[in-house]
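Structure, as structure tokens:
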Amino acid sequence: MSGLPGAPATAELEAQERRLTLHRFTHDDAWRLGTVLVELARERQAPVTIDIRRGPQQLFHCALPGTSADNDAWIDRKRRVVERYGESSLLVGSRFRARGTTFEASSRLDPDQYAAHGGSFPVHVDGAGVIGTVTVSGLPQVEDHAMVVEALTRLTTP
């Protein structure tokens with residue numbers, strides 16, 4: 001159990017990551033994924049910022065109306081969690097909560113640099129492992145995470 005209201009259980013978060021492993025991730029794939037996220041956000045009038053990276057290179061970034069530089073700061077903090085742990089930021093936070101603690105209290109990482117809040121997801125490629133991140137910021141953390149999962153699902157479904 002994730003311990004966060006509305007969040008999927010830890011086992012479901014793990015299953016999402018296995019299911020959403022990609023066969024490849026090119027610049028064009030990043031563009032398609034970013035475009036799907038922008039479309040989802042506009043359909044829902046969701047004020048989000050979107051960031052997609054392969055390694056340290058930013059391949060896609062979009063800040064929709066209603067966002068601010070604070071969203072970029074949240075993206076950086078959530079993305080660093082994925083880069084460090086190789087799992088979604090929501091899953092990392094869920095694992096800490098399952099142990100009866102919080103990421104902030106037990107990770108020994110600077111909370112100004114790391115946030116195990118939902119919204120950042122690893123870009124996992126068959127045979128290569130985690131090669132990047134896709135991050136959304138602007139909604140409650142479970143909704144940020146769900147939007148990324150929905151977009152990745154659309155990208156991976158023929």
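For labels at Ala9 and Ala128 in the simple 7 Å Cα→Cβ model, what's the distance in nm?
With each label placed 7 Å out from Cα toward Cβ, I get 3.4 nm.
What net charge is computed for the residues neighbouring Arg18, neighbours being all others with C-beta under 14 Å from the C-beta of Arg18, Lys and Arg scored +1, Asp and Glu -1? Provide the component values of the computation, followed by the final result.
Numbers: positive: Arg19; negative: Glu12, Glu14, Glu17, Glu87, Asp126.
Value of the local net charge: -4.
Picking from Leu139, Leu59, Leu109, which is most flexible by a Gaussian network model of the chain using Cα springs under 10 Å?
Leu109
Taking Cα pairs under 8 Å and at least six residues apart, what relative contact order does the stretch 17-60 come out at, in percent?
That works out to 36 percent.
Select from Ser68, Phe103, Gln58 the residue farthest towards the positive end of the dipole of the stretch 56-116; place +1 on Cβ of Lys and Arg, -1 on Cβ of Asp and Glu, and compute about the Cα centre.
My answer, from the dipole projection, is Phe103.
For the chain, what is the calculated [θ] at 222 nm in deg cm²/dmol (nearest 500), taking -39500 (n - 2.57) for each run of four or more DSSP H residues and dividing by its residue count? All intermediate terms of the calculation are to be shown ahead of the outcome.
Details: 6 runs with 74 residues, N = 158.
Using -39500 (n - 2.57) per qualifying helix, the result is -14500 deg cm²/dmol.
Compare His124, His61, His23 in a GNM of the chain, Cα atoms joined below 10 Å, and give the one with the largest fluctuation.
Comparing His124, His61, His23 in the GNM, the peak value goes to His23.
Using a simple spin-label model with points 7 Å from Cα along the Cα→Cβ vector, what separation in nm is obtained for Arg19 and Glu39?
2.0
Comparing Thr49, Thr133, Thr26, which has the greatest mean-square fluctuation in the GNM of the chain with Cα pairs linked when under 10 Å apart?
Thr26
Mind checking the dipole of the chain: about its Cα centre, +1 per Lys or Arg Cβ, -1 per Asp or Glu Cβ, Debye to the nearest 20? Don't jump to the answer; show the numbers that get you there.
Working: 18 positive and 20 negative charges, 59 e Å.
Value, rounded to 20: 280 debye.
What number, in percent, do you get for the relative contact order of the stretch 1-146 if the mean sequence gap of Cα pairs under 8 Å and at least 6 apart is divided by its residue count? Mind showing how you got there, number by number?
Details: 271 pairs, mean separation 42.1, N = 146.
Normalised by residue count, the contact order of the stretch 1-146 is 29 percent.
None of the figures in this text is laboratory data; all of them are computed from the coordinates on show. Every value quoted in this text rests on a predicted model; they were computed, and no experiment measured them. Glycine gets a Cβ as well: all are built from the backbone with ideal geometry, and neighbour counts include every protein chain shown.
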